[in-house]
Amino acid sequence: MVSSAANSPHPGYRFPVDVISQAVWLYFRFPLSLRMVEEMLAARGIIVSHETVRLWALKFGQESANRIRRRLPRDGDKWHLDEVAIKIGGVKHCLWRAVDQTGLVLDVLVQSRRDKRAAKRLLRELLKRQCQAPRVMVTDKPSSYGAAKQEVMPGVEHRQHKGLNNRTENSHQPKR
């Protein structure tokens, strides 16, 4: 008689692959703590400690996170960038926004500066989150975008025009 552990892609684990996958998926897909995942599995009759879930997340988490990321809808390849001056506690700050061509907000960043260094930080954050550079970048007239783009994303087409950036100008209205 052959045990089910011998056929498992994770030999040496007491639980079946489906249970391990479900626990790791719950932990990475939703903002749940390890103890909440433990309780959710216990509600289904699977008794496992939060420490076991943590070890599974460390070992199999990156693979699961990559699978979840591949299934998410892709963002557009045209980014609209804009900044607006706001006051927080009486101190003037700059709210930087990035939106794709469908109106999906890619990132929001609040900084005290409005210069090349701040624009570079926004572009680096966007590249890190999106994992790919856009085909086109649309901005207003500030030259800080162009200078930052030359250093961070030199191969991307850059369009600077006040009327083209209407998508970003309208993205913040529900938040005001």
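Scanning segment 72-87 turns up no residue that is farther than 30 Å from residue 155 by Cβ, without any contact (Cβ under 8 Å) to a residue 12 or more places away in the chain and assigned by TED's automatic domain parsing to the domain that holds residue 18.
Candidates in segment 119-139 are the residues that are of a type in the set (A, V, I, L, M, F, W, C) and touching an Asp or Glu at 6+ places or on another chain (Cβ under 8 Å); of these, the one that is nearest to residue 83 (Cα to Cα) is 122. Looking at this structure, is residue 155 surrounded by fewer than 16 Cβ atoms within 10 Å (Cβ to Cβ) and modelled with pLDDT of 85 or more? Judged against the criteria, residue 155 is a match. Here 103, 76 are screened, and the one residue that is under 30 Å from residue 147 (Cα atoms), touching a Ser or Thr at 6+ places or on another chain (Cβ under 8 Å), exposed (fewer than 13 other Cβ atoms within 10 Å of the Cβ) and modelled with pLDDT under 85 is 103. Residues of segment 10-57 that are β-branched (Val, Ile, Thr), closer than 19 Å to residue 68 by Cβ and in contact with a helix residue (DSSP H, G or I) (Cβ under 7 Å, 6 or more places away or on another chain): 20, 24, 37, 53. On inspection, residue 55 passes the criterion of being at pLDDT 85 or above and assigned to a helix (DSSP H, G or I). Does residue 146 satisfy being closer than 28 Å to residue 91 by Cα, modelled with pLDDT under 85, surrounded by fewer than 17 Cβ atoms within 10 Å (Cβ to Cβ) and not hydrophobic (A, V, I, L, M, F, W, C)? The answer is yes for residue 146.
Residue by residue through segment 79-100, note down the ones that are in contact with a Lys or Arg (Cβ under 7 Å, 6 or more places away or on another chain) and loosely packed, with under 14 Cβ neighbours inside 10 Å. Of everything in segment 79-100, just one residue is in contact with a Lys or Arg (Cβ under 7 Å, 6 or more places away or on another chain) and loosely packed, with under 14 Cβ neighbours inside 10 Å, namely 85.
The values are calculated or read from the model by the stated rules, or taken from the named source; none is laboratory data. Being a predicted model, the structure only gives us computed values, none of them experimental. Methodologically, a virtual Cβ is constructed for each residue, glycine included, from the backbone with ideal geometry; neighbour enumeration extends over all protein chains shown.
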